[in-house]
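Asks: Have a look at this one before I ask anything.
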Amino acid sequence: MSRIEKMSILGVRSFGIEDKDKQIITFFSPLTILVGPNGAGKTFFLCFPSKVAQETDVRAQIRLQFRDVNGELIAVQRSMVCTQKSKKTEFKTLEGVITRTKHGEKVSLSSKCAEIDREMISSLGVSKAVLNNVIFCHQEDSNWPLSEGKALKQKFDEIFSATRYIKALETLRQVRQTQGQKVKEYQMELKYLKQYKEKACEIRDQITSKEAQLTSSKEIVKSYENELDPLKNRLKEIEHNLSKIMKLDNEIKALDSRKKQMEKDNSELEEKMEKVFQGTDEQLNDLYHNHQRTVREKERKLVDCHRELEKLNKESRLLNQEKSELLVEQGRLQLQADRHQEHIRARDSLIQSLATQLELDGFERGPFSERQIKNFHKLVKERQEGEAKTANQLMAKKETLKQKQIDEIRDKKTGLGRIIELKSEILNKKQNELKNVKYELQQLEGSSDRILELDQELIKAERELSKAEKNSNVETLKMEVISLQNEKADLDRTLRKLDQEMEQLNHHTTTRTQMEMLTKDKADKDEQIRKIKSRHSDELTSLLGYFPNKKQLEDWLHSKSKEINQTRDRLAKLNKELASAEQNKNHINNELKRKEEQLSSYEDKLFDVCGSQDFESDLDRLKEEIEKSSKQRAMLAGATAVYSQFITQLTDENQSCCPVCQRVFQTEAELQEVISDLQSKLRLAPDKLKSTESELKKKEKRRDEMLGLVPMRQSIIDLKEKEIPELRNKLQNVNRDIQRLKNDIEEQETLLGTIMPEEESAKVCLTDVTIMERFQMELKDVERKIAQQAAKLQGIDLDRTVQQVNQEKQEKQHKLDTVSSKIELNRKLIQDQQEQIQHLKSITNELKSEKLQISTNLQRRQQLEEQTVELSTEVQSLYREIKDAKEQVSPLETTLEKFQQEKEEIINKKNTSNKIAQDKLNDIKEKVKNIHGYMKDIENYIQDGKDDYKKQKETELNKVIAQLSECEKHKEKINEDMRIMRQDIDTQKIQERWLQDNLTLRKRNEELKEVEEERKQHLKEMGQMQVLQMKNEHQKLEENIDNIKRNHSLALGRQKGYEEEIIHFKKELREPQFRDAEEKYREMMIVMRTTELVNKDLDIYYKTLDQAIMKFHSMKMEEINKIIRDLWRSTYRGQDIEYIEIRSDADENVSASDKRRNYNYRVVMLKGDTALDMRGRCSAGQKAGAFFQVLASLIIRLALAETFCLNCGIIALDEPTTNLDRENIESLAHALVEIIKSRSQQRNFQLLVITHDEDFVELLGRSEYVEKFYRIKKNIDQCSEIVKCSVSSLGFNVH
């Protein structure tokens, strides 16, 4: 439980700024009283002053010690500084500190780290509003429970801490409204998402349908492909056979060429050989194999020699490497041996030099043995120690003697200095005492005169005090104040009535203003609706036949959008059919072109073979010519034999008649002529036969070619009469279909170009129609509000205007200000007269006190004079003693300075001698150190056995050189053997070449026989193949394949159309509005439903919190009013009022769900069943109006404190007796005693009363709860002082 314990004040208002001026007050329990005149600074305990003492730079500090809600001790400190500048005063708050004591340790918290005010509120356990309005309340605000409604409501709201909960309610209401608006937006968005979802489903169905058609088309394509495969395989087989025939022909030609080449190669090889081996193949092979074995054996020996040579080379490299390493090691060891000899020479040289320097015998010639070196080191060490010891002993003895003399002189000087210092301190003390005594005597010189002056001043002050008390008219002024207060109360009531009337007029004025604004708003919305209708009426009427609302327009747009999509689908379908037809046309064109090119190619080939286009006549003519040529060849073939027989008969038989006609030749010449003619014909017959056979072969070849062209001739007839005309007819049909499709596409595009602008226009209109519907809804709301405002103004009489009431209010307010000024003036006069009397009383008391003090001091004068003589004598004696001591010190200082100079000379000589000796020793040490270094290197060389190791390496080097020489000799022998072997092998290679040529020749002869056999086999195989049959079948297969390919291309065209449609639908499905449309619809549905549930929960939270606030408010008000009733009945002694209470009326005109609930507070007094507002009703006609207000305000504050200050029982009253007469003051004192009595059982109850009325304090002092009180007054320096006084001796005895 929190309570205050102590407070210290420094530098604030009229409190002093020095540490000695710090004032401390300890708070009592249950009652602490502060008494003091106005301006003394007593109210400072409740609030900080407006400005500090008027000095150039004044620092102030306030410290408060209290117990927090946990009973822990806390000290808070606040520091301030006030700087007086040229034209203004600058006030600044310095750092504040809160110090807590926990478990015996102090923990400080600076205002730099935390907010001091917030920490104080937390420690005291009350809110800021309770602290300012209930616990510590300034005199001017002490009657705030009876203030006007608005101010009273504000204070009660702050005390109840209702603001944050009301803000929470308002926040909940706003959030719910926002969420409600979001639900409407979600519903609208959900509607469009549903349309997109349905459209996406429709597109998916179309994709499914097209995919089924695509699957069917793929199956048809696959069937065509399956038909093509066996035909292609057969065609491939025939082409393979034809290529095989061609290949066989090529191979036969190649074999002929190869045969000739082989015969030529064999002939060349035989010419190149010296002779041909005449033995059998077995003998030749045996000879060749024996020769190879001999050659391989010699080559193996050569390889062995080569391998052995490599081994020797490797061994030679290793020996050379080892030789190089040994040479390097030998050089390194020789260098170490040379360095070892140098170390020995350098060591001996240093020993000789140092022995000469130290005058040591026996070391004039080296080299030195180990014993000599040890002896040398021993002598050097003894010489070093002896010289150092001799020099130090001599100088140390002189220095010690001189230091002893200096110490004796210094001790004497120090003793005298200490005596002088002690005597000087005693002298200073005696002089100060003498000075103080003389000052007191000097002060007492004018004391007798001052007593006379004080007597005169005291008489004058008592006369002025009596005159002031006689001239005082405080009671008259108080009566005038009471009268003026009553007049002020009447004026207050009149002003409240005028305020109510003004409020009512303002309320209706507001209503009229709102109605005018609503009417204007209605006209604006009508105008907006009219503009929208006039803007789109013609357009929408032409589209729909009427002006639609938003839903009708959205439905029309939906149907129009559906029609557009259907038109687009038809257009896409027609475009695909057109593309398919174009593709078919291209295919037919390509096919027609190919057929025409094929026809042209066939005709060209036919013309090349026949020489004309009349194939059948040419073929018949060629057959006849072949028949004639065959007969002629047969004739020529038989003519040779016949001619030969005829010639033989004519020659051998000496027949003179012709063998054919049996004509007898008349003469020999005629016979010879016939024989000659026959011989001539016999000679020409072979040439003619050959010529005829050649010509016959050509004709037969041409006949075969023409017979081979018979299928081509049939193809030409088919192309001319059937295939090309059919393709041209198909092309005409396709062109007609394309034209029809283009007309249909143009028609659909025209339709689409018509309905799409209509849809765009309707979409543009939809926005304005939506706005128009919102305006229409707002218009209905405005009309409803206009009706409500009209209902409020119905039956109201408004004869008086706001200006008339305001003018009357200003007049009454002016009168009220005049009365208030008079009251303040009278109060000021009362306060001035009371302060003047109090000031005169203070002056009289101060004069009496000063007179008493001077009388006491005069009795000490003789004692001070004797003390002055005694102190003067002691001072003179001390002067003499100090002077003698100083005279003895001077010669001692001279002697001491002389001895110190001598000591410094000895030390300098000692240092110089030591430095010379040390330099000498250092030189010897350095030389000894170098000798040791050389000795160490020599010992290391000997211990490591470097000499033996050097000899060992020299032996190893000689051995390696011998091995290397032997290896080189062996290598030369092997090289010679290898040279002989190579010559022998080269000779054998020539013989091997001759054997190989014989083997090659025999092998080629075998191959020649194989080639001849293979040629005969190819000719036989080629004769078995039916070439013409294969060519006819090849042509038919090509025709069938072309037909199937054409159908396959058409099927592929349809398949591509389906695929493009599917791609188009899928692309459309990937558009933002259709992509994930179902998921977006589901998510939006979830969001909307969730938001609706959240909105319902917010409504529940709002109502629950509102009901909780109402319940808390009613419980607290019931508790407060119960405490007020108990306190009133126990303290108020009048019979006119039974009790008072606080009424809180809730504004029931507003629904809690729409707006926050407001509470209007007022304090009422009850008598029986009648309740009257206290404000404005406590008039002077009642028994104790002012007392009634003070008591009511005090009781309400106590009730609020008991309700809201469970952890803090402090309450302060600032000038509670202001404007109260004697009877009311007594009643108030009695009431306070009763309150203290009822609350004294409360452990932390502390009542702090601040007043200037000592009579009121005396009345409180009659109770058992007050023994001491604090008086605040100003001292001689006009600084405020706090003095604790006893109630029993009020105004006289000061503690």
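The values are calculated or read from the model by the stated rules, or taken from the named source; none is laboratory data. Everything numeric in this text was worked out from a predicted model, so none of it was measured. Reconstructed Cβ throughout: ideal geometry from the backbone, glycine too, with neighbour counts over all protein chains shown. To get the accessible areas, we keep the full protein, side chains included, count just its heavy atoms, and leave off ligands, DNA and RNA. Shrake-Rupley method; radii C 1.70, N 1.55, O 1.52, S 1.80 Å.
Asks: Percent of alpha carbon pairs in the stretch 206-252 separated by more than 12 Å?
Replies: Beyond 12 Å sits 71 percent of the P(r) for the stretch 206-252.
Asks: Expressed as cubic angstrom per residue, what is the convex hull volume of the alpha carbon set of the stretch 89-235? Display every interim value, and only then the final one.
Replies: Details: hull volume 64.7 nm³, N = 147.
Dividing the Cα hull volume of the stretch 89-235 by its residues yields 440 Å³.
Asks: Please give the charge dipole size of the stretch 273-347, origin at the Cα centre, charges +1 on K and R Cβ atoms and -1 on D and E Cβ atoms. Round to the nearest 20 debye. Each step should come with its number before you reach the end.
Replies: Values: 15 positive and 15 negative charges, 122 e Å.
Using only the charged Cβ atoms, the result is roughly 580 debye.
Asks: For the peptides 1039-1047, 452-460, what is the packing order when you average, over each peptide's residues, the other Cβ atoms within 10 Å and list the highest mean first?
Replies: 1039-1047, 452-460
Asks: Roughly speaking, to the nearest percent, how much of the chain's 1.4 Å accessible area is carbon and sulfur?
Replies: Answer for the chain: carbon and sulfur cover 49 percent of the accessible area.
Asks: Among 600, 434, 319, whose Cα projects farthest towards the positive end of the dipole of the chain, with charges put on the beta-carbon of Lys, Arg (+1) and Asp, Glu (-1)?
Replies: 434
Asks: From zero outward in steps of 5 Å, how is the percent of C-alpha pairs of the stretch 890-1022 spread across the bins?
Replies: 2, 6, 5, 4, 5, 4, 4, 4, 4, 4, 4, 4, 4, 4, 4, 3, 3, 3, 3, 3, 3, 3, 2, 2, 2, 2, 2, 2, 2, 1, 1, 1, 0
Asks: Oh, and also: What are the ³J(HN,Hα) couplings of the stretch 169-183, residue after residue, when phi is run through the Karplus curve with 6.51, -1.76, 1.60 and θ = phi - 60°? Round to Hz, x for glycine and proline.
Replies: Those phi angles translate into 4, 5, 5, 4, 5, 5, 4, 5, 4, 4, 5, x, 5, 5, 4 Hz.
Asks: Which percent of the Cα-Cα distances in the stretch 264-361 go past 21 Å?
Replies: Numbers: 3494 of 4753 pairs.
The calculated P(r) of the stretch 264-361 puts 74 percent of pairs beyond 21 Å.
Asks: Ordered by packing density, taken as the mean number of other Cβ atoms within 10 Å over each peptide's residues, highest first, how do 176-182, 490-496 rank? Intermediate values should be presented prior to the final figure.
Replies: Details: 176-182: 14.6, 490-496: 17.1.
So the order, starting with the most tightly packed, is 490-496, 176-182.
Asks: Oh, and also: Taking the Cα centre as origin and putting +1 on Lys and Arg beta-carbons and -1 on Asp and Glu beta-carbons, what dipole magnitude results for the stretch 116-266, to the nearest 20 debye?
Replies: Dipole magnitude for the stretch 116-266 comes out near 380 debye.
Asks: For a quick check: with amide H placed at 1.01 Å from N, whose amide H comes under 5 Å from residue 23's, ignoring anything fewer than 5 positions away on the same chain?
Replies: Result for residue 23 returns 9.
Asks: Quote the accessible area belonging to residue 605 in square angstrom, nearest 10, computed with a 1.4 Å probe and with ligands, DNA and RNA left uncounted.
Replies: Estimated to the nearest 10 Å², residue 605 gives 100 Å².
Asks: Hey, what's the Cα Rg ratio for the stretch 662-753 versus the globular rule of thumb, 2.2 N^0.38 Å? Intermediate values should be presented prior to the final figure.
Replies: Details: Rg = 36.9 Å, N = 92, 2.2 N^0.38 = 12.3 Å.
Working it through for the stretch 662-753, the quotient is 3.01.
Asks: For the stretch 156-309, what is the convex hull volume of the alpha-carbon atoms per residue, in Å³? Before the final figure, lay out each step's value.
Replies: Numbers: hull volume 81.5 nm³, N = 154.
Spelled out: Cα convex hull of the stretch 156-309, divided by residues, is 529 Å³.
Asks: Oh, and also: Do the sum for the chain: with -39,500 (n - 2.57) for every DSSP H run of n ≥ 4, divided by all residues, what is the mean residue ellipticity at 222 nm, to the nearest 500 deg cm²/dmol? Walk me through the intermediate numbers first.
Replies: Details: 20 runs with 963 residues, N = 1295.
Mean residue ellipticity, 222 nm, calculated: -28000 deg cm²/dmol.
Asks: Helix 281-358: angle to the longest alpha-carbon principal axis of the chain, degrees 0 to 90, nearest 10?
Replies: Helix 281-358 sits roughly 30 degrees off the main axis of the chain.
Asks: Note the full-extension length gain between residue 784 and residue 732 as 0.36 nm times their separation in residues minus their Cα-Cα distance, in nm to one decimal.
Replies: Residue separation times 0.36 nm, minus the Cα-Cα distance, leaves 11.0 nm.
Asks: With unit charges on the beta carbons (Lys and Arg positive, Asp and Glu negative) and the dipole taken about the Cα centre of the chain, which residue among 732, 369, 187 sits farthest to the positive side?
Replies: Sorting the options by dipole projection puts first 369.
Asks: Net charge near residue 233, counting Lys/Arg +1 and Asp/Glu -1 over other residues with Cβ under 12 Å of its Cβ?
Replies: Spelling it out: positives minus negatives among the neighbours equals -1.
Asks: May I pose another question? Keeping all protein chains in the complex and leaving out DNA, RNA and ligands, what accessible area do you get for residue 1162 with a 1.4 Å probe, in Å² to the nearest 10?
Replies: Residue 1162 exposes around 80 Å² with every protein chain in place.
Asks: Tell me the Rg and the Dmax, in Å, that the Cα atoms of the stretch 1067-1121 produce.
Replies: Using the Cα atoms of the stretch 1067-1121, the pair Rg, Dmax is 23.1, 78 Å.
Asks: Using the basic label-point model (7 angstrom from Cα toward the beta carbon), what is the residue 537 to residue 880 distance in nanometres?
Replies: Computed distance between label sites residue 537 and residue 880 equals 13.9 nm.
Asks: Here is a further query. Could you let me know the centre-to-centre spacing of the stretch 227-245 and the stretch 295-315, using Cα atoms, in angstrom?
Replies: Taking the Cα centre of each part, the stretch 227-245 and the stretch 295-315 sit 65 Å apart.
Asks: Placing unit charges on C-beta atoms (Lys and Arg positive, Asp and Glu negative, everything else neutral), compute the dipole magnitude of the chain about its Cα centre in debye, rounded to 20.
Replies: 3680 debye
Asks: Mean separation of Cα pairs under 8 Å and 6+ residues apart, divided by the residue count of the chain: what relative contact order is that in percent?
Replies: After rounding, I find 30 percent.
Asks: As a test of reading the structure, rank 538, 884, 718 by solvent-accessible area (1.4 Å probe, protein chains only), most first.
Replies: Accessible-area ranking of 538, 884, 718, largest first: 538, 884, 718.
Asks: Lys/Arg Cβ at +1, Asp/Glu Cβ at -1, dipole of the chain taken about the Cα centre: which of 583, 935, 1219 is farthest positive-ward?
Replies: Going by the charge dipole, the pick is 1219.
Asks: A further question follows. How many angstrom separate the Cα center of the stretch 68-108 from the Cα center of the stretch 457-501?
Replies: If we compute the Cα centre of each part, the gap is 41 Å.
Asks: Can you tell me the Rg and the Dmax, both Å, for the Cα atoms in the stretch 931-981?
Replies: When restricted to Cα atoms, the stretch 931-981 yields Rg and Dmax of 22.2, 73 Å.
Asks: Next question, about the same structure. Rounded to the nearest 0.05, what FRET efficiency do residue 307 and residue 271 have when you use their Cβ-Cβ distance and R0 = 41 Å?
Replies: E between residue 307 and residue 271, to the nearest 0.05, is 0.40.
Asks: I would also like to ask the following. Given that compact globular proteins tend to follow 2.2 N^0.38 Å, what is the ratio of the alpha-carbon Rg of the chain to that value?
Replies: So the chain has a normalised radius of gyration of 2.18.
Asks: Put 87, 1080 in order of accessible area, largest first, 1.4 Å probe: what do you get? Intermediate results must be reported in sequence, preceding the final value.
Replies: Numbers: 87 190, 1080 80 Å².
Result of the area sort, largest leading: 87, 1080.
Asks: Can you work out the base-10 log of I(q)/I(0) for the stretch 223-296 at q = 0.19, 0.22 1/Å, using the Debye formula on its C-alpha atoms alone?
Replies: -0.93, -1.00
Asks: I've got another one for you. Per residue and in Å³, how big is the convex hull formed by the alpha-carbon atoms of the stretch 1193-1233?
Replies: Considering the Cα atoms of the stretch 1193-1233, their hull volume per residue is 66 Å³.
Asks: Can you compute the FRET efficiency between residue 337 and residue 920 using 1/(1 + (r/R0)^6), with r the Cβ-Cβ distance and R0 = 30 Å? Round to the nearest 0.05.
Replies: That pair, residue 337 with residue 920, gives E of 0.20.
Asks: Using a 1.4 angstrom probe, figure out how much accessible area the chain has per residue, in square angstrom, rounded to the nearest whole.
Replies: Value for the chain: 62 Å² per residue.
Asks: Residues in the stretch 205-219 near a label at residue 1047, defined as backbone nitrogen under 18 Å from the 7 Å Cα→Cβ point?
Replies: 216-219
Asks: Relative to the compact globular guide of 2.2 N^0.38 Å, what is the alpha carbon radius of gyration of the stretch 1038-1093, as a ratio?
Replies: Relative to the 2.2 N^0.38 Å estimate, the stretch 1038-1093 comes out at 2.25.
Asks: Can you tell me what the convex hull of the Cα atoms of the stretch 816-929 projects to on average, as an area in nm²?
Replies: Value for the stretch 816-929: 27.2 nm².
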